[in-house]
Amino acid sequence: AQKITQTQPGMFVQEKEAVTLDCTYDTSDPSYGLFWYKQPSSGEMIFLIYQGSYDQQNATEGRYSLNFQKARKSANLVISASQLGDSAMYFCAMREGTSNTGKLIFGQGTTLQVKP
Amino acid sequence: GAGVSQSPSNKVTEKGKDVELRCDPISGHTALYWYRQSLGQGLEFLIYFQGNSAPDKSGLPSDRFSAERTGGSVSTLTIQRTQQEDSAVYLCASSLGGGISYEQYFGPGTRLTVT
C-alpha cells in the first residue's frame, strides 16, 4: 500500500543555513509524483515543489530543491539560506499514476522552526 | 485570479446536528478534492471529483459523510448527525486535471468543532 513517512516531527535551523527535511515513500506503482507543501500557522497549504518518478534530474524551485533517490525511495526537501518566514509545517505527499484518482497521500509532517 | 474559496471558515455545531461545508474551486479546474486534517496531523483524503462525478469516494469515513458537485464547479460536503470525532479542518483543493503532475491548489479550510 502507498505510504509516506516523515520521521522528523520537529526541526530547528539557524537563519541563513540550509536544512534537509526527510521523506520516504512506499509504492509498487512505477509511475508516481512526489510533492512538498508548506503549511504556515495561518493554515493554508502552499505548493513548493514537484518530482515525477521518471524525471532524470532533481527538481529545483528557487531556494527549494528535492533530493530524489529513487532506489532508496526517498524524496528529501532541501531549503537553502533559511529565512524566518520558512518557519512552518512541511508535508511530503505522493500521487500514484496508474490509479483513477489524483488523490494525494500525505505524511504526518515536519515542523520547522528557523532561529534568528 | 481568485483561488479556492471555502465557507464557512469556522463552524461550531452541536453533536447530532447536520452541517454543510462549501467549496468554490478555481475556475476551469475539473478536478476537486476534499481532505480532512485533524489537529497536528497530516491530511486525510476524503473524496475526488472529476467534473460532477466522484470516481473515488474511498476516503469517506462513514455513511454520515456525503458530497456532491454541481455544474462542474461548486462542491458541498455534508456531514449528518455530527460526532465529536468529526472535529477537524476540512480542506478543499482543485487542479486542472487528475493527472499525476497536476498541482493541487488548496483553499483556506473550514474548521469544524462539534461540541
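The values are calculated or read from the model by the stated rules, or taken from the named source; none is laboratory data. It should be emphasised that the depicted structure is a prediction, and the values quoted were computed from it without experimental measurement. Don't worry about glycine lacking a Cβ; one is built from the backbone with ideal geometry, like all the others, and counts go over all protein chains shown.
The strands (runs of 3 or more DSSP E) falling completely within the range A:33-116 that include 1 or more residues that are over 16 Å from the mean Cα position of the chain (by Cα) map to A:110-115.
Just one of the listed residues (A:Thr60, A:Thr110, A:Thr98) is within 11 Å of chain B (Cβ to nearest Cβ), at pLDDT 95 or above and farther than 20 Å from B:Val4 by Cβ, and it is A:Thr110. A:Gly52: on the phi > 0 side of the Ramachandran plot, within 11 Å of chain B (Cβ to nearest Cβ) and either touching an Asp or Glu at 6+ places or on another chain (Cβ under 9 Å) or small (Gly, Ala, Ser) (or both), yes or no? Judged against the criteria, A:Gly52 is not a match. If you go through the range B:72-81 one residue at a time, do you hit one that is within 10 Å of another protein chain (Cβ to nearest Cβ), of a type in the set (A, V, I, L, M), touching a residue at least 60 places away in the same chain (Cβ under 8 Å) and within 22 Å of B:Ser9 (Cβ to Cβ)? The answer is no, given that none of the residues of the range B:72-81 is within 10 Å of another protein chain (Cβ to nearest Cβ), of a type in the set (A, V, I, L, M), touching a residue at least 60 places away in the same chain (Cβ under 8 Å) and within 22 Å of B:Ser9 (Cβ to Cβ). Every test in (1) more than 11 Å from the chain's Cα centre (by Cα); (2) hydrophobic (A, V, I, L, M, F, W, C); (3) crowded, with 16+ Cβ neighbours inside 10 Å is passed by B:Leu39 save one, and that test is (3). Return the residues of the range B:63-84 that are surrounded by fewer than 18 Cβ atoms within 10 Å (Cβ to Cβ) and modelled with pLDDT of 95 or more; say none if nothing qualifies. B:Asp63, B:Arg64, B:Ser66, B:Glu68, B:Val74, B:Thr76, B:Thr78, B:Gln80, B:Arg81, B:Gln83, B:Gln84, listed by residue number.
Any residue at all in the range A:24-45 that's among the polar types (S, T, N, Q), within 10 Å of chain B (Cβ to nearest Cβ) and surrounded by 14 or more Cβ atoms within 10 Å (Cβ to Cβ)? Yes, the range A:24-45 contains a residue that is among the polar types (S, T, N, Q), within 10 Å of chain B (Cβ to nearest Cβ) and surrounded by 14 or more Cβ atoms within 10 Å (Cβ to Cβ). For the range B:95-111, taking the residues that are touching a Phe, Trp or Tyr at 6+ places or on another chain (Cβ under 6 Å) and in a strand (DSSP E or B), the one that is farthest from the other protein chains (Cβ to nearest Cβ) is identified as B:Thr110.
This table checks each residue for (1) within 14 Å of chain A (Cβ to nearest Cβ); (2) β-branched (Val, Ile, Thr); (3) over 30 Å from A:Thr5 (Cβ atoms).
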{"residue": "B:Lys11", "(1), (2), (3)": "no, no, yes"}
{"residue": "B:Gly16", "(1), (2), (3)": "no, no, yes"}
{"residue": "B:Cys23", "(1), (2), (3)": "yes, no, no"}
{"residue": "B:Gly28", "(1), (2), (3)": "no, no, yes"}
{"residue": "B:Ala31", "(1), (2), (3)": "yes, no, no"}
{"residue": "B:Trp34", "(1), (2), (3)": "yes, no, no"}
{"residue": "B:Gln41", "(1), (2), (3)": "yes, no, no"}
{"residue": "B:Ser53", "(1), (2), (3)": "yes, no, yes"}
{"residue": "B:Ser58", "(1), (2), (3)": "yes, no, no"}
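For the range A:8-51, a tally of residues being without any contact (Cβ under 8 Å) to a residue 24 or more places away in the chain, touching a strand residue (DSSP E or B) at 6+ places or on another chain (Cβ under 8 Å) and not hydrophobic (A, V, I, L, M, F, W, C) returns 3.
Of all the numbered requirements in (1) free of Cβ contacts under 8 Å to residues at least 60 places away in the same chain; (2) assigned to a loop (DSSP other than H, G, I, E, B), B:Arg36 misses one, and that requirement is (2).
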